[in-house]
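A.B. asks: Sending over a structure as structure tokens; questions will come in a sec.
No lab work stands behind these numbers, since they all come straight from the coordinates. On a predicted model such as this, the values are computed, not experimentally measured, just so you know. Positions of Cβ are generated from backbone atoms using ideal geometry, with glycine treated the same way; all protein chains shown enter the neighbour counts.
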């Protein structure tokens, strides 16, 4: 017999422990009962890949986890945030000189990590966005490594989205391509949203809030030749003010939490005025598989 500990969603303070025979997967009927008993949504929760451990609170190598925790307040309203763990991947990290060419790659990696450590509980990718997703589990019984720049390019060429000359190039990819990579490589579907102007972003605030409530995965946001990982929205019901919790893969400083939150401001709340009013914005919203 082996005891597995699973972190619960919706504010549970402690993980729940369940026994299985020889460490094998808990039977479907038992998982159904656990979901009902603990009021858990039908997303991966009581599967081996979703087990909780102390080691999961530590970042992989030198990559920081959950850097939004402790940032200053947003619009002073109700916050809708990413759930689960994610890792912050950014430019010039781990000795990779990608300052010019791989913004989306870093976003994609951040999303990948979220899917990996949190698809039991959440997800996120651009070459930078996929980076934030790092070791990913989708409620299956295994994890997969973060894709390399080359693998991201190969995936897009393989599905016919990009021509062969894209391999090895410094061409950028957008939020929709991020979704294609998640779908093709990991079977993760996505929704897409668009906004004609940075000034109109508040019109998408409630759609994004619903995403964070129902899916909890990071969102890839692209526009004005920039790419970000969106970790949450803050909506003030009385004033109508909206703020967006941004994780910026363009950051090139040290992996130091204080610097990221206060000096480099790579992670923080941004008002609508921070975004280009004349630029079109696209969003990639990864959907957690309803497998339990």
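A.B. asks: So if R0 is 35 Å, what FRET efficiency would residue 259 and residue 28 give, r being the distance between their Cβ atoms, rounded to the nearest 0.05?
C.D. replies: Calculated value: 0.15.
A.B. asks: Another one. Under 1.5 on a/c is rounded, so check that first for the stretch 177-257, then, if it is not, pick prolate when a/b is larger than b/c and oblate when it is not; a ≥ b ≥ c are the square roots of the alpha carbon gyration tensor eigenvalues.
C.D. replies: Note, shape of the stretch 177-257 comes out oblate.
A.B. asks: When the chain is fully extended, how far beyond the present Cα-Cα distance does residue 5 get from residue 176, taking 0.36 nm per residue of separation?
C.D. replies: Result: 58.0 nm gained on full extension.
A.B. asks: Then there's this: Which residues in the stretch 61-83 have a backbone N closer than 19 Å to a point placed 7 Å from the Cα of residue 236 along the Cα-to-Cβ line?
C.D. replies: Within reach of a label on residue 236: 71-81.
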